[in-house]
Each structure stands twice: as C-alpha cells, then as structure tokens.
2 protein chains.
Amino acid sequence: MKYTFVLIGIWLLSFSGLAQELTSPNQDLKMKFSLNENGTPVYQLTYKNQDVIKPSTLGLELKNDDLSLMNSFEIVDTKTSTFDETWEPVWGEQSEIRNHYNELAVTLNQPQKDRKIIIRFRLFDEGLGFRYEFPEQKNLVYFVIKEEHTQFAMAGDHTAFWIPGDYDTQEYDYTTSKLSEISAEFEGALSHNESQEQFSKTGVQTSLMMKSEDGLYINLHEAALKEYSLMNLNLDEENLVFESWLTPDALGNKGFLQAPTTSPWRTIMVSNDATDILASNMTLNLNEPNVIEDTSYIKPIKYIGVWWEMITGKSAWNYTDDLPSIRIGETDFTKAKPNGRHAANTEHVKEYIDFASEHGFDGVLVEGWNQGWEDWYGHSKDFVFDFVTPYPDFDVEEIHNYAASKNVKMIMHHETSGAIRNYERHMDTAYAFMNKYDYPAVKSGYVGNIIPRGEHHYGQWAINHFLYAVQKAADYNIMVNAHEAVRPTGLRRTYPNLIGNESARGTEFQAFGGNKPNHVTILPFTRLIGGPMDYTPGIFEMDISKLNPGNNSHVNSTLANQLALYVTMYSPLQMAADLPENYMRFPDAFQFIKDVAVDWEESKYLEAEPGQYITVARKAKGTNNWFVGNVNGVTPRTTTIKLDFLEKGKKYIATIYADAEDAHYKTNPQAYKITTKTVTSRTKLKLDSAPAGGFAISIIEKK
Amino acid sequence: MKYTFVLIGIWLLSFSGLAQELTSPNQDLKMKFSLNENGTPVYQLTYKNQDVIKPSTLGLELKNDDLSLMNSFEIVDTKTSTFDETWEPVWGEQSEIRNHYNELAVTLNQPQKDRKIIIRFRLFDEGLGFRYEFPEQKNLVYFVIKEEHTQFAMAGDHTAFWIPGDYDTQEYDYTTSKLSEISAEFEGALSHNESQEQFSKTGVQTSLMMKSEDGLYINLHEAALKEYSLMNLNLDEENLVFESWLTPDALGNKGFLQAPTTSPWRTIMVSNDATDILASNMTLNLNEPNVIEDTSYIKPIKYIGVWWEMITGKSAWNYTDDLPSIRIGETDFTKAKPNGRHAANTEHVKEYIDFASEHGFDGVLVEGWNQGWEDWYGHSKDFVFDFVTPYPDFDVEEIHNYAASKNVKMIMHHETSGAIRNYERHMDTAYAFMNKYDYPAVKSGYVGNIIPRGEHHYGQWAINHFLYAVQKAADYNIMVNAHEAVRPTGLRRTYPNLIGNESARGTEFQAFGGNKPNHVTILPFTRLIGGPMDYTPGIFEMDISKLNPGNNSHVNSTLANQLALYVTMYSPLQMAADLPENYMRFPDAFQFIKDVAVDWEESKYLEAEPGQYITVARKAKGTNNWFVGNVNGVTPRTTTIKLDFLEKGKKYIATIYADAEDAHYKTNPQAYKITTKTVTSRTKLKLDSAPAGGFAISIIEKK
C-alpha cells in the first residue's frame, strides 16, 4: 500500500512539474501553464516570442478557510481541444462572427482538502481568456471569496490609458501615463461623481489599454461577468504586476459562490496592430450563445430625446421647485406650482415627435416624464420613483397616440437613483406599462449610491440586479439601455436585448465641464471592448452657454468629429443628442446622421492608435452602402484611406463631411466642409482632421 | 426692533421653563414634560404618585449634524386634547375596543438651525405612549439617525423578565433577575440561533416586563413600528436607566428618515394589577385604524400541519439526502434518490386533510412541499426557493382538489431563508399561485442571516420588507403569519391580514432542548403585548424520543397546560401542533382543542403574576360560551375562580381539563382529569395546577 502511494506521489509530482503549453490557431500567441514549488498555478503569455505576460500566479483567497485556493495544488488532469464555429449575432458590427480558439483545461487538486478547481484557458489569435471553474464536489460547495489573486505581470513599463479603479463609477476622463506613473497621476485623474469610491492609488479599471515600447498593444478586461463581482486591477508599481481587485459587498466580502460555478473570463488581448484590438470578437466569443428565443423585437434604434436640454441646464427634469421633498402617491402635483422649465410636457414632446418623424428617427426618449425628480438624488432616498406616474403636464395616452400616428416609438426612461429594491418592486408594473403604451426600449439609470446601502454598483449584488433587469425585460420583449450599470463584458451575445450601456464618461460630461479632446480615440479601446455604449453623439452647438447662459461648458469636439462618432463608436442605439433647432441650423451636416446606418454587415478597422486616431469603415446591413468615420486626437493629421473594401467594379457616391481647414475643437468647432465624389474600390482619399476633429463619409452604391 | 427681539426671547425662555403636565383619564397616571438647562427634553411619569419613570431625557443623535436633535431646544407650542372612541377590530380578544387618552403635543425648535420637532404624549389609564414627530419644514428634510437617545429612568432595582437584546432573534428563554443583575446573567441567558447578534451585556429586548418591590407592574415596548428600525434597550446598570438602542443597517446607520414622518411610539404600561397589563389595548390604540377595505377574507383559523414531525426529526423537509447543493430550476428532482423521510408527500398530506376534516380544523399547513430544502440554510444562499415548484411527490393540484372536497383549506408555507430580495422577486407569482389553489394564508419564515448581507432582521430595511409582504398579501386577499420577522407592535390594527407572528421562542424549542417551564406565564406579558403569536400549542406527547429515538428533548409542560394555551396565548391562528396519532391516544382531552374558539367577544383576565400564573376567560364571538385557561409556573398552586362573568340566571355545562393530582411537567405530564359540571355566574371553582401545569375549561350554555 505504501509503495503504491509513493508511486502515485512521484507520478503526480512529475506531472505537476510539466509545463502545459498552448498555441493560438495562427501560432502568434503561446502560453505556458505550470505549478510552482508551492503548488501555486502560474501562467505566462508571449506574442511572436515577445513577453506579454511574464510568469504570473493565479488563485483565490477564501474567507474562513485556512488553505484557500492559492497553493498546494497538484495537476490531476489536463485536456486540450480546438474549437471553430461561426455564429450570427442578432445585431452587431458584422453579420457573422468566427469563434476560433485552442483550449487547455487544467484540473487541479488540493490533496489536504480533496477539492478541485479547473483553470480553463482559451487562446484566440488575438488574445487569451481564462477562468476559474469550481466543479460539483463534496468539499467545495459554498464559499466566500475574500480576494481573487489573479496576476498579470507586465513585461515593461508600458504606456497605459487608464481611469481610476472605483467601485461605483467609470465616468472619468482617461489619463495616459507610464504604468510606473499611475500613483503620481492618480489624484489628478479623479473627478466628482454622485457615487464613487476608489480603493488604491495604483488601482485602475478594465478594460485597460496599454502600449509597450516595442509597439505591442495589450488590453486587459473580463468577459461574461454574471454571478460575481467586478474586477478592478491594482498595480504593484515596482514590479509592474497587476493583480485582480474585486468589488466588495457592504461587509467587505467579495463574492458568495455555490459550486458548480465559474469566475468570469479574464482576458488579455495583444497585437502589434492596434486595429486588431478594435476588431476582436474575443470578448463576445467568451460569452454564452443567445438564450432569447424570439428576437424579433430586438432592433437597432436611431433616436432623439428630450434630454440634452436638461443636461445643459436649459430646462428641467422636475416639475416644481417649491417642494423640499415629495412622496410618490402622496404629493399632489396638480396643486404644486410648476417651475415653467419642465421639458417633458405633452406639447414639447410632440415637437420632438414631429422632428423624429420628419427626419426618420425611430424613437424619442423623454426624461423627467414621471413624478419624483424634485428630490431624486443625494438623499439616499429609497422610494424615489414608481416608473408609471406622469407629471400633470405629460399625457401618456395622448403622446402614445400621437407618436403612433407619426410612426415613431416612444423610448421609456427609468431612473432608479440607485434604489434597486424599489425598482425591482415596480419592475413588472413598469414593464407592463411599457407594453401597454408600446415603448420598445428603456433607458435605465442608477445615479447615486446603491440602496441597499453599503452595496456598490459593481458588486455581486448589483450585478445580479442588472442582469435580472435585462432578463425580466426579455420576458416583456423589451430592450434595455442601462446607464450607471456595471460595464459590459460581452453579455449582449447571451442577452441581445441589452442594446446599450453607459458605464463610461459620455457626452453628458461635455456639458459638465467637457471631456478630453482625445476621449473618443480611447473609448473604443477600453469601454467598448465589452459592448456598445450609448455615447449620445451628434452635438452641433459646442458652446453650451448658447443653450443655457449659466453654463460655460464647451464640447471638446468638432462638428465633423461628432458625425464620425456614429461610425467609430459602434452601437445599435444611436442618439442624435442635440436640440432639433441646432440640427436645423446645419441641415447639410445633419444629413449624415439621418443617413448613417445602425446595424452592420461588415466592419473594417482601417487605422488606429489609441489616444490619437481611429478610422473605421462599416457596411450597412442588407445594402451595399458603406459609412466611414475618423476621429482624431489633439494633433492635426492627414490620412489617406483606400476604399478597397468596396465591391470591385461598382461605383459609389461618396459624401465627405470633413473638418474645414481652420477647424479646431476649441476655437472653431463648427467649421466643416461637405464634398461629394464618385468612388470605386480603387479610390484613395486623402483627408485632413483637425484637433479633436475627424471626418465622416457616406458611400452609397450608384444604381 | 431689538426691544421686540428681547421680549420674544424672554417669553420663550419663561415658556421653556414651565413644566407641562398631563393626567390620565382615570387620574392614576401623571406625566411631566420640561426642558432642562441645556434645552434637552425631559419627561417623567408617576402612577398613583409613585415614580414609574424618573426624569428622563429624550432626543435623537443625527449623522453628520453638529447639533443633532438632542438639546438647544425651545418650546414654541404645546397643545393638549382628549380622545375617546370605541372601535371594532376585525378579530381579537374582544369585539369592541375603547381608545381613550389625554394628549400633550409639544413643539420644540432649535433656533440655531431653525428646525422643529414635535414630541407627542398620549396618556391612557394604563400607560403612556410618546413619539417623535418631524413635521414638513425647510431645514429638516432628509436625515440619518445615528442613535435614538430615549431614556427610561427606572425608580428602583426592579425584577425584570428579559431576553438578551439582539438584532436578529427573540428566540430566547426568559431570564428573571433584578435589573442590576442583567450583565451578570447575560451569558447564561444566551442560546444558539441561526441568526443572532447581541450588542451589549446590558442590552435587552422589548416588550420588557418588570415588577417593582412595591408591586408595580411596568412594561416597556413600542407601537406602530413601520419605517424605522426596531428598538432594543440598553441599561445603565449603575443608575438603572434604560436607553433606546436601535438596530443598525450594514453600515451601522440606524435609520434614514424623510420628513414629514414620525418615530414609532415608545410605550410604558404600568399598574399595580398585573392583569391590567394583559388587558391593555394601548399598543393597538397607538396604531392607525384598519386600511384594508374588504376584510371578508380575514378569518381566524384553527389548523394542523405537516410540521411537528419535521421539527422533532421524525421526518424531513428535504426530498433527498444525496445532493450537496441544489439549484432551483436546474436540479432535476425526478432523478434524485428520495430519502424516504420526506413528509410533504401527497399520500401523507391527504391523511392530515382527512384528520382535519374529521375533527373540524379549518386548515392544513404543509412545510417542505417545495423544492429547495436540501441546502436551505447556513450557506448565505440567495436563490433558495421559488415558492411555487413542488417536489415530485407533492401533487399540488390533487391535494388542492382533495382538500376542497373535504372542506379544508391548505395553508401555504414560504420559507425565505432570510433572502429578502429573492422572496420579493417571486412574491407576485407566489401569491398568485396561492390564489389559484385557494390557499387563504401563508406562513412565512426568515431563518438565517438576512440577505442583503449585513442587514438585520430588525433593521429598517427588513422591517420595510415585512410590511411590504403584508401589504402585497392584502392585494391578493391573503393572510400572513410571519416567523422570524420583526416582533409585532400592534400593526394588526392597521393590517388585520397580519394574523400572526412568531418572533419569540415558540413550541418548536420544546423539541430543541425545551423551554423553561414558566415560559408561557411570561410570554403574554412580553411578546404578546405587540400582537398574537403562532405559538403552536397542543403537544400531547412530551417525550420527543417517542417520535424520534434520536431526539431526547422533553416538552416542559403538562398536557392540561397545553390545552390552556389556546386561551391564555391569544391568537386568531391556533395550531394543534402534535401528530394526529398522538391526539387519537387522548381523544377526550383533544375534545377541548376541537371545541375551543379562535375569535372572541370578550376577555376577562382573572388573575396573573408574570413567571407564576395566568388565568384568563374568554367568550366565544357570536355565542354565549366561555373558555377558561390557566397556565402555571413551577410551583404547584391552587386557585379559586369565580364564574361571575357568566350571564346571570343562565346555566352552563363546564368541562374541566385539569392536571391530575400527581401531574408534573417533567415526570408525569400526561396525567390529567376531565370533569363536567353545571355552573352559573355564582359558581366558584377551586382548581389545582401542577408545576408547568394548568387547566382549561369549556363553559357551554345549556339550552
């Protein structure tokens, strides 16, 4: 008996000592997995023989567990496999997506506890995804994560495009710095938010974009975040090692798990060409296939909204200024004195409906339509809204009928003020109300601290809610566009009715002091890796004081740049965010917004450099028409793009919306020029982009 | 101008110096209110010129507020009034209730902040109620309570009947000690619970019963606890001053309030006759009138249940022992190996239905009918139950039809495992399921720590939920009997569909090691002050090992005592908790349980001494029949009761279920004797009660 035991021991030991290797389908990426002398899992990753991730340890620290899942492991099984399929998203940047990877699944055992985990690696051509899996077993059933200790050891002091790690908000401007400079830049990278909590001066968020001195583009993020808390990254600045930092609950615990289950995927994308990062579908591919059977109600939307006028302070969400606090169901608004600035009134909404109808928009969002805005944030108020009771000047029925007569859909707005329980209590009624009045989509909001108090926007509790809201919406054939929710991690593949998220610093901040001029050259490399953003582009009047004399904010963008966003910031939900009267001042430029598609057959990422420029071409689904967008950073730039993506032998009319020569985001943002020419697949276009400028091109097949 | 200002100042000052006085309608109670030199509110209370509450301060400490609502007050207004009305409860100990009090409302202002509170006192013949009110105003709208500092300065080192202060459970045996001995007795007063957290070794719960050396009976509790956290009391042992100690949320905050609002009422009952405490309706009277329009579905219930056999360990809630964890909707129980001990199976439930039908019970409760019991507690599991999916061996439809054919109602069971969000998510579906299958009432349960984690059973968050569950149940015409919920504070007046609560150590603990033999002589003075308890009496087999050889617990009660509980422990919901086969062994004694009423015209509290004995007579509603119950403590006792409450000139048949001479709760609990005699209003009955014994009498009008 003893002999046999020793033999097994030796066999296990030698097995453990073996490094497991995996190569990407195109052979560019190689990863190694092994256990170190403590039985701690270690992985590393190279791209064309360059180090991307140096040997980095993996593991989870458990609460009330003397061993945790950190070390003392033995490898008991390894399995490799190859997967290759092509699937069709309900909507997206392209109509077909290839999911091709090589997989290594390592089963590890802790003999002291007789418990197992599996670490599953999937190596795509453009990156690595891996996750922890906790199979069904006797000795690991319910457990509490104290911290996940997944390391990402960087191979150099890369340039990073980062925002401060935070449990509650992503609405920061990006800071570009060396990794070693993060802590020094940290304070300066902060800005106010209604709900925010940082955890470390070397803490940053994912998706984190980096560039090495050798020209490698590296991106760290996660995929398929569901029953887990969100991962931030904390940097060991001396050794340049990132480690996962999960979002805690009210008591500081970082996750309650029940096996069988898995962690989300941790993703590392890498290429020497930045456009590969933009083009990657790895995050989507690491998510489960669509679970919604009837997707007929899920349709991309171009919309306008009674929104920018409140954001700029021109008008108001609330109906009265005379009540220090209100109670839904008790406060009688018919007896309150109107403040005269309430935008969501029937007459005004009808003007928006008229505009939408005239210019071919699918929908009209109206914020501030429902009672509760008098004291909706800053008070940790629980029952803020009931999501169905309009102010006296908003006639739901009349607006519904009017919109229907104009072939326009109304888009619902559910601000929750972070009061999750209250929202869930009213959700069925609110969704049924939407069905009754034919609202196809809801924009939800979670401004302010989460209630239950102590929970965070990115903790397991809230993440469960965000998904619940999407799942329940699916029961009612409703599309969801959630603001201030957790950042997306590709869940749209599984739940394609999740058509949008905010989860970053959007256009609204252009009215709150402005975004950095190169903001939109970074977002596609960071926030958009996980899914589309309701960025609300299309601002034509950059001087906000023209709308509201009390607001001196400036939109740091040229008008042409705003047009380009409809192509560069992919989303199935695109807003024309400015006021109708501002569009009417520039009808020729507005034409692009009217023409541009919102769903695509194919996307070509022509050139990109994070923080500097991005140029993308997309083919509108079901047509032969293309749209091109270029956004530029602060340096004026001339580029030449080849239209070789056009069908050979065909002729197209290209309408080019470009910055005028003297355009500048700060001093002359509305200077644009529109030119038209006939183009073919052999055409090259030489185009100039101003600081924070760009261009947009519609390329319509000549028939 | 200055002259005027000074004049006002002087007037306020002198006004503040005046003590405000209030007297009870019967003149026995007098209270005084004044401000002390710091502008802190002070009150005191006497009963027949004896001190009950010595001068005690009032106030609230606020979070992030440099002044709080503790001092620097001026009296700006006082109003006195008298109220006298009689109202009819939907169900209760009597058919009419008089609500008669004198009121003093003192408006206080803090000049530094220009903010006001009102302290409202209501003085009844049997006690004082007061509360804080926060009227609508500009400078006090949203505020967070750090602690309420309501003091109750005791006039002596009274004997107290107390349980440890706790944020999550009341399921403790009562300790009888001097106030000054509480901390010394504290550790010994603790016992295990699945969820418990004490805060101080001098912390106790309300309702707290005390007796002074002079023979005054004093009771501290609260009334109308709704949007607030529950109050425990913490004793300054040296000065014998109790102070309120609220239940915190996950972050330690004790309440989020929005004016206009109020605190619950703090109540002090006092009399030199203990029966006055039992007879008091003050707690009910301090609650708002019934808000449920259609009360036709609210009916007292006598029921049996598939329950005691699981509590004793004779059978099981769970269906299989083979799964370490399960997931509702994923685990396929049809493929699981049954453990053979699952009590909630169709055939067995039908036996209970037969028994209920044969013996005239209104309902049958079945626990363990729905999937989830394999891992239902101890794991901080969130999605434990869905409240609608039965185990494979429980046929909802068949059982529904069978029960209907026998004129018996099934009683629903919703164990939540403390996972409040999960319950709320399923609540509509679960209540609709009850409507579909004609379940009139639900027993809900909250075993284990509350989820959201960090919240407590008695915090504002959970209290909001418990009321929400009752309100939503009312929408579905459902009655609620909530276990492990917050203790009642008279809310049944406002929501009469709240027909029961546990919120104390019930009969189940007789199978978990036993209750103290005098437990039921204390509960009516403590737990029952706030509302009825689903105590589940009627245990005939005191030796639990007879049901389950592995369980050596003993029921510390005689059989006659068990019968008496149906009268002494008032509840509109009375269970016959023992197994049918045990009732069949004692059919003559069982007859009392079959006969006893559950709704009353009138109640007479004949004699009482907390911890020693209680004798009550109640007249069944709509009849001329009376039922009498006596429960006794550990000392054998002989009592003589006068039947002068019977209608003069009428004859009645009295059936007396008494302890046999050699009865003893420990050694001979099943020794009882039944005698019958004709009685009139002039009859006196001399009766003996054994240790933890008692008697029950049915007095039926002779026609």
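The values are calculated or read from the model by the stated rules, or taken from the named source; none is laboratory data. Bear in mind the structure is a predicted one, so any value in this text is a computation, not a measurement. Reconstructed Cβ throughout: ideal geometry from the backbone, glycine too, with neighbour counts over all protein chains shown. Surface accessibility is based on the protein's heavy atoms, side chains included, excluding ligands, DNA and RNA. Shrake-Rupley method; radii C 1.70, N 1.55, O 1.52, S 1.80 Å.
Values for this structure:
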item: Hits in the stretch A:444-468 - residues which are within 20 Å of A:Ile292 (Cα to Cα) and touching a residue at least 40 places away in the same chain (Cβ under 8 Å); result: A:Ile463, A:Asn464, A:His465, A:Leu467, A:Tyr468
item: Selection from the stretch A:524-551 of residues that are under 24 Å from A:Thr267 (Cα atoms) and either in contact with a strand residue (DSSP E or B) (Cβ under 7 Å, 6 or more places away or on another chain) or charged (D, E, K, R) (or both); result: A:Pro524, A:Phe525, A:Thr526, A:Arg527, A:Ile529, A:Gly530, A:Gly531, A:Pro532, A:Met533, A:Asp534
item: Output for the stretch A:93-113, where each listed residue is touching a residue at least 40 places away in the same chain (Cβ under 8 Å) and either in a strand (DSSP E or B) or within 19 Å of A:Thr23 (Cβ to Cβ) (or both); result: A:Ile97, A:Arg98, A:Asn99, A:His100, A:Tyr101, A:Asn102, A:Glu103, A:Leu104, A:Val106, A:Leu108, A:Gln110
item: Leading residue by the ranking (farthest from A:Phe143 (Cα to Cα)) among those in the stretch B:356-387 that are crowded, with 17+ Cβ neighbours inside 10 Å and either of a type in the set (Val, Ile, Thr) or out of contact with any Phe, Trp or Tyr (no Cβ under 9 Å at 6 or more places or on another chain) (or both); result: B:Val364
item: Enumeration of residues in the stretch B:423-435 that are within 10 Å of chain A (Cβ to nearest Cβ), closer than 22 Å to B:Asn501 by Cβ and not hydrophobic (A, V, I, L, M, F, W, C); result: B:Glu424
item: Check on B:Ser271, of a type in the set (Gly, Ala, Ser) and more than 30 Å from A:Phe383 (Cα to Cα); result: yes
item: Every pair of residues 6+ apart whose Cβ atoms lie under 6 Å, when the first sits in the stretch A:124-143 and is of a type in the set (Lys, Arg) while the second is assigned to a strand (DSSP E or B) and open to solvent by less than 10 Å² (accessible area, probe 1.4 Å); result: A:Arg131/A:Trp265
item: Any hit, the stretch A:59-68, residues being touching a strand residue (DSSP E or B) at 6+ places or on another chain (Cβ under 7 Å) and over 28 Å from A:Trp245 (Cβ atoms); result: no
item: Selected residue (only one of A:Thr312, A:Thr346, A:Thr331 is among the polar types (S, T, N, Q) and within 14 Å of chain B (Cβ to nearest Cβ)); result: A:Thr331
item: Matching residues in the stretch A:114-138 - criterion: being surrounded by 18 or more Cβ atoms within 10 Å (Cβ to Cβ), within 14 Å of chain B (Cβ to nearest Cβ) and outside any strand (DSSP E or B); result: none
item: Residue list for the stretch B:244-295, filter: more than 27 Å from B:Ser200 (Cα to Cα) and of a type in the set (A, V, I, L, M, F, W, C); result: B:Ala259, B:Ala274, B:Ile277, B:Leu278, B:Ala279, B:Met282, B:Leu284, B:Leu286, B:Val291, B:Ile292
item: Single residue of A:Ala189, A:Ala223, A:Ala184 found to be without any contact (Cβ under 8 Å) to a residue 60 or more places away in the chain and closer than 21 Å to A:Ser503 by Cα; result: A:Ala189
item: The lone exception for A:Asn239 - which of (1) open to solvent by less than 20 Å² (accessible area, probe 1.4 Å); (2) in contact (Cβ under 8 Å) with a residue 24 or more places away in the chain it fails; result: (1)
item: Condition met for A:Leu257 (within 27 Å of A:Gly454 (Cβ to Cβ), open to solvent by less than 20 Å² (accessible area, probe 1.4 Å), within 14 Å of chain B (Cβ to nearest Cβ) and aliphatic (A, V, I, L, M)); result: yes
item: Qualifying residue in the stretch A:142-158 (condition: more than 14 Å from chain B (Cβ to nearest Cβ), in a loop (DSSP other than H, G, I, E, B), of a type in the set (Ser, Thr, Tyr) and buried (at least 21 other Cβ atoms within 10 Å of the Cβ)); result: yes
item: Filter result (of a type in the set (Lys, Arg) and within 18 Å of A:His149 (Cα to Cα)) within the stretch A:202-243; result: none
item: Matching strands (runs of 3 or more DSSP E) fully within the stretch A:190-263 where at least 1 residues are of a type in the set (Val, Ile, Thr); result: A:217-223, A:241-246
item: Output for the stretch B:119-145, where each listed residue is among the aliphatic types (A, V, I, L, M) and either farther than 19 Å from B:Glu61 by Cα or out of contact with any Leu (no Cβ under 7 Å at 6 or more places or on another chain) (or both); result: B:Leu123, B:Leu128, B:Leu140, B:Val141
item: Yes/no for A:Leu60 being at pLDDT 95 or above and touching a His at 6+ places or on another chain (Cβ under 8 Å); result: yes
item: Positions within the stretch A:349-380 being within 14 Å of chain B (Cβ to nearest Cβ) and either of a type in the set (Asp, Glu) or in contact with a helix residue (DSSP H, G or I) (Cβ under 8 Å, 6 or more places away or on another chain) (or both), in sequence order; result: A:Glu374, A:Asp375
item: Failed condition for B:Phe383, given (1) away from chain A (no Cβ under 14 Å); (2) aromatic (Phe, Trp, Tyr); (3) touching a helix residue (DSSP H, G or I) at 6+ places or on another chain (Cβ under 6 Å); result: (1)
item: Which numbered condition A:Val567 fails, given (1) farther than 24 Å from A:Ala671 by Cβ; (2) out of contact with any helix residue (DSSP H, G or I) (no Cβ under 9 Å at 6 or more places or on another chain); result: (1)
item: Residue within the stretch B:163-175 that is open to solvent by 60 Å² or more (accessible area, probe 1.4 Å) and either outside any strand (DSSP E or B) or closer than 27 Å to B:Glu609 by Cβ (or both) present; result: no
item: Matching entry among B:Tyr377, B:Tyr303 (being in contact with a Gly (Cβ under 9 Å, 6 or more places away or on another chain), hydroxyl-bearing (Ser, Thr, Tyr) and under 30 Å from A:Tyr468 (Cα atoms)); result: B:Tyr377
item: Looking only at the stretch A:260-276, and only at residues there that are open to solvent by less than 20 Å² (accessible area, probe 1.4 Å) and of a type in the set (Ser, Thr, Tyr), the one that is nearest to the other protein chains (Cβ to nearest Cβ); result: A:Ser263
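Results for (1) part of a loop (DSSP other than H, G, I, E, B); (2) under 29 Å from the mean Cα position of the chain (by Cα); (3) among the polar types (S, T, N, Q), shown as yes or no for each residue.
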| residue | (1), (2), (3) |
| --- | --- |
| B:Pro324 | yes, no, no |
| B:Arg327 | yes, no, no |
| B:Ala344 | yes, yes, no |
| B:Glu347 | no, no, no |
| B:Lys350 | no, no, no |
| B:Ser357 | no, no, yes |
| B:Phe361 | yes, yes, no |
| B:Gly368 | yes, yes, no |
